[in-house]
1. If VAL52 satisfies all but one of (1) under 24 Å from GLY181 (Cβ atoms); (2) in contact with a Ser or Thr (Cβ under 6 Å, 6 or more places away or on another chain); (3) among the β-branched types (Val, Ile, Thr), what's the number of the condition it fails?
2. Report, ordered by the first and then the second residue, all pairs with beta carbons closer than 6 Å, sequence separation of six or more or different chains, a first member in segment 44-69 that is in the same structural domain as ALA30 (by TED's automatic domain parsing) and modelled with pLDDT of 85 or more, and a second member that is among the β-branched types (Val, Ile, Thr) and in a helix (DSSP H, G or I).
3. Tell me, which helices (runs of 4 or more DSSP H) lie completely within segment 6-74 with 2 or more residues that are buried (at least 16 other Cβ atoms within 10 Å of the Cβ) and touching a helix residue (DSSP H, G or I) at 6+ places or on another chain (Cβ under 6 Å)?
4. Output the residues belonging to segment 140-161 that are in a strand (DSSP E or B), surrounded by fewer than 18 Cβ atoms within 10 Å (Cβ to Cβ) and touching a Gly at 6+ places or on another chain (Cβ under 7 Å).
5. Determine if segment 123-139 includes at least one residue that is under 20 Å from the mean Cα position of the chain (by Cα), farther than 29 Å from SER19 by Cα and surrounded by fewer than 17 Cβ atoms within 10 Å (Cβ to Cβ).
6. Please tell me if GLY95 is part of a loop (DSSP other than H, G, I, E, B) and of a type in the set (Gly, Ala, Ser).
7. When segment 162-175 is examined, which residues are found to be of a type in the set (A, V, I, L, M) and either crowded, with 18+ Cβ neighbours inside 10 Å or not assigned by TED's automatic domain parsing to the domain that holds GLY134 (or both)?
8. Can we say VAL29 is touching a Leu at 6+ places or on another chain (Cβ under 9 Å) and either under 15 Å from PHE64 (Cα atoms) or assigned by TED's automatic domain parsing to the domain that holds LEU98 (or both)?
Amino acid sequence: MDQDTGKRLREVRTTMGLSQRQLAKASGVANATISQIESGNLNPTVSMLKKVLDGIPMSLSDFFSDNFEFTEQVFFKASELVEIGKDDVSYRQVGNHLVNKTIQMLSECYQPGATTGKHPITHDGEECGIILSGQLEVTVGDQKKVLTVGDAYYFKSTQPHQFKNTGREPCTVISACSPPGF
């Protein structure tokens, strides 16, 4: 690897429509490190470059290929959904990265008693969902309702909102958020 690695990384990153900060966040590599690689001031190890490329995502072989072309993945196996949740709330996202995307679609699962937290969430955009199993208490602003199988919600995400599984079984939801909120 040499100075061409930095130029190549910049080319790939800009082709993907990613800023250095976005790539840093997606890969877990410091923004300053990505900047140093791109400027030729840091020659990354293979493992460091792989970690950076995982944020795109892109394999090392594709990165070094002479005929680089990024193709958007269209179909996803269940095992390819990206887990972005934690603890008792699972958020399985369709798509590896959502840079320059306008929709975020999730398969959500709330274990009994699981909640999105003590404090309401707010962010730009809109979100909606349909309950597939179990029940989910949805609070939006000063409105609160327990939704069950087949029920749905749709609201502007700038309103404070919370989700809680008040039932005795896991609750599964298919949801969408525009623009992507995570």
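The values are calculated or read from the model by the stated rules, or taken from the named source; none is laboratory data. Computed from a prediction, not measured in an experiment: that's the story for all the values here. Neighbour counts run over all protein chains shown; Cβ positions are idealised from the backbone, glycine included.
1. Only one criterion is unmet by VAL52, namely (1).
2. If the second residue must be among the β-branched types (Val, Ile, Thr) and in a helix (DSSP H, G or I), the pairs left are PRO44/ILE37.
3. Qualifying helices (runs of 4 or more DSSP H): 20-27, 31-39, 46-54.
4. Selection gives ALA152 alone.
5. Within segment 123-139, one or more residues are under 20 Å from the mean Cα position of the chain (by Cα), farther than 29 Å from SER19 by Cα and surrounded by fewer than 17 Cβ atoms within 10 Å (Cβ to Cβ).
6. Considered against the rule, which asks whether it is part of a loop (DSSP other than H, G, I, E, B) and of a type in the set (Gly, Ala, Ser), GLY95 comes out as yes.
7. Selection gives VAL173 alone.
8. When the stated conditions are applied, VAL29 does not pass them.
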